[in-house]
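To start, the structure itself, in structure tokens.
No lab work stands behind these numbers, since they all come straight from the coordinates. Model, not experiment: these values are computed from the prediction. Heads up, the Cβs are rebuilt from the backbone with ideal geometry, glycines too, and the neighbour counts pull from every protein chain shown.
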Amino acid sequence: MATDENTPRMEPGETLWRRFLALPGLDEFPVLDEPGDLTRAGIETMVASQHGSAREMRSSGQLRFTGDAVPGHRADLDAVAHLSSAWQKSVTATGAALEGIKSIRGKLPAEVVLRTRLVLSASPARGSVVFLVEPKQLPMEEVEPGGNRAITPEIAKRPLADLASESLVELLAATHDTPDLTDELVTRLRDLGPRVGSAVGGLARAIEESGITLDVAWREPTRPTRRAIVKPFEAKYLAEVVEGRGLNAMEETLTGQLATISNRQQWALQVGDRLLFLDMGDLGGDELTKWNVDDLVEVTALTTTQERPDGRVSRRYTMMSIRAAQGTPTVLNDEA
């Protein structure tokens with residue numbers, strides 16, 4: 001078949017890929033696992049050629065709900081809403097941890113919430129329900145704040161929504177019942193702190209209780225697609241790891257007046273205007289004889305958080321030690 005020498009030839013995929021990797025400011029991809037990454041790379045190559053950077057493009061994610069609990073492309077609205085809310089909370093908590101905010105107490109800075117906020121559009125797919133999500137904030141507001149481009153591509157800032165989503169997806173991908181991967185999972189969660197542990201534990205329980213398989217993907221310009229699939233039985237295992245290893249807990253010092261002392265029930269501690277109930281934990285029975293009601297004491301407690309189905313957060317306190325108070329009563333900030 002004759003061809004016109006002036007007709008442009010379509011470059012083979014490998015050649016296009018090499019041109020893409022040669023562009024300045026682009027991170028080199030590892031081995032591609034997603035068929036669509038090569039097509040996406042071609043589009044990003046054209047955008048980068050015209051604008052100098054592919055980062056003007058928005059990142060995008062996909063939450064795909066499948067399994068026996070999703071017949072056709074229908075799913076229980078409450079379950080999907082709970083899963084979506086749990087995903088957003090997990091992304092925000094992970095973003096906060098990457099910014100150094102790991103405590104389970106206190107309200108997150110508005111800036112962190114804004115930078116990790118996702119927006120949603122939904123579309124059906126055979127045998128599943130698919131939510132397409134993307135960061136609410138434009139990427140260049142973080143990549144080039146005030147229009148100031150980084151001196152070198154290597155120090156260009158990545159949007160927090162990308163960092164958090166990638167971290168969370170990679171964490172979920174490590175959810176498998178094998179010793180090596182369990183140790184890796186525990187290490188990652190411990191590094192991210194109890195706020196992330198609590199959020200991920202809530203996400204895992206939401207998946208388990210709904211019976212829905214969560215297939216999540218995140219696509220960031222110039223980087224490969226990250227994907228994780230978590231089935232209900234895997235989510236159950238993840239929640240057990242979080243709770244069993246205390247990854248949703250942190251030590252706190254609580255100062256207040258003893259309101260109840262018991263060898264059968266929880267102790268009650270009046271902290272400011274709050275009455276907290278504490279499990280004795282491993283404290284010996286001799287502690288019963290040391291203290292009296294109304295004593296001002298300082299308690300080191302392990303505080304565990306858990307999100308309820310209605311979205312409220314409950315806290316459980318387990319005493320680790322108790323001593324006479326040296327300071328003023330604790331002021332609690334439970335905003336999360």
Next item on the list: Note down the relative contact order for region 249-324 as a percent, whole number, built from C-alpha pairs under 8 angstrom at least six residues apart.
Entry: 35
Item checked: Unsatisfied cross-links (Cα-Cα over 28 Å) in the set Lys102/Lys290; Lys157/Lys231; Lys89/Lys157; Lys89/Lys236; Lys136/Lys236 -> Lys102/Lys290; Lys157/Lys231; Lys136/Lys236
Next item on the list: Could you check the simple spin-label distance between Thr300 and Arg74, using points 7 Å along Cα→Cβ, in nm with one decimal?
Entry: 5.6
Item checked: Note, ³J(HN,Hα) from phi for region 232-248, Karplus 6.51, -1.76, 1.60, rounded to Hz, x at Gly and Pro -> x, 6, 6, 5, 4, 5, 4, 4, 5, 5, 4, 6, x, 9, x, 7, 10
Notebook entry, point to check: So what are the three principal axis dimensions of region 249-324 from its Cα atoms, in whole Å, longest to shortest?
Noted result: 40, 26, 21
Check: Within a Cβ distance under 13 Å of Ser262, other residues only, what is the Lys/Arg minus Asp/Glu net charge?
Finding: -1
Next item on the list: Give the whole-number value, in cubic angstrom per residue, of the convex hull volume spanned by the C-alpha atoms of region 203-336.
Entry: 160
Checklist line | Extension gain from Asp273 to Gln257, taking 0.36 nm per residue of separation minus the Cα-Cα distance | finding: 4.7 nm
Next item on the list: Provide the per-residue ³J(HN,Hα) series for region 282-290, in order, calculated from phi with Karplus coefficients 6.51, -1.76, 1.60 and θ = phi - 60°, each as a whole number of Hz, with x at glycine and proline positions.
Entry: 9, 5, x, x, 5, 5, 4, 8, 8
Checklist line | Paramagnetic reach from Lys107 (point 7 Å along Cα→Cβ, amide N under 14 Å) across region 66-85 | finding: none
